[in-house]
Amino acid sequence: MKLLMIYCNRFAFNPVSKTLDDFPEINEGGEYENVLVAFIQTEAEDMESAKAVETKLVKNLKWAAKKNGTNSVVLHSFAHLSESKAEPHFTKQLFDAAEKRMKNAGYLCSQTPFGYFLDIDVKAPGISQARIFKSF
């Protein structure tokens, strides 16, 4: 897994084009303030150890959110961090499981529309803990 976490003063998105037919139609965008946005790429090898990858993802999200003083997290599929890609349905299941665990731990957690290219607007402060990259 490749995980790029960016703390944003403001993060907004609008769906532009659907790229995966198997997923629901979504036309509405979203906007968040003071949020940790996780740009996530699941890799083919992640499918072999799904539970361990899920646990590492949640642990890193909690750590980075605390580091940036927020309890709000957005999960965003970003298949541009590696050449290796997991199956889309595996990735969506992993996102759903991670979102559930984050919510159960008291975090506000949501996802951008899965299977879409999005217009995104990112406003992030120029501080070191606002940008964190992990590979596991």
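No value in this document is a laboratory result; all are computed from the given coordinates. These numbers come from a predicted model, not from an experiment. Here the Cβ is made from the backbone with ideal geometry for all residues, glycine too, and neighbour counts use every protein chain on show.
Across the cross-link table entries 18/56; 18/66; 100/123; 2/66; 51/100; 51/92, which are compared at the Cα atoms, the separations over 23 Å belong to 18/56; 18/66; 100/123.
With each label point set 7 Å from Cα along the Cα-Cβ vector, what nm distance links residue 44 and residue 85? Placing both labels 7 Å along Cα→Cβ, they lie 1.2 nm apart.
What is the sum of charges, Lys and Arg at +1 and Asp and Glu at -1, for the other residues whose Cβ falls under 11 Å from the Cβ of residue 2? Mind showing how you got there, number by number?
Numbers: positive: 85, 134; negative: 43, 46, 83.
Summing Lys/Arg as +1 and Asp/Glu as -1 gives -1.
Note on residue 67: aspartates and glutamates with a C-alpha under 18 Å away, same-chain residues under 8 apart excluded, are 33.
Near the amide H of residue 86, within less than 5 Å, lie the amide hydrogens of 42, 43, 44, all on another chain or at least 5 residues away, with H placed in the peptide plane.
Under a 5 Å amide H to amide H cut-off, with H placed in plane at 1.01 Å, what residues pair with residue 73 once short-range neighbours are removed? Under 5 Å from the amide H of residue 73 lie the amide H atoms of 36, 108, 109, 110, each far enough along the sequence or on another chain. The charge dipole of the chain, taken about its Cα centre with unit charges on the Cβ of Lys, Arg, Asp and Glu (plus for the first two, minus for the last two), comes to roughly 840 debye.
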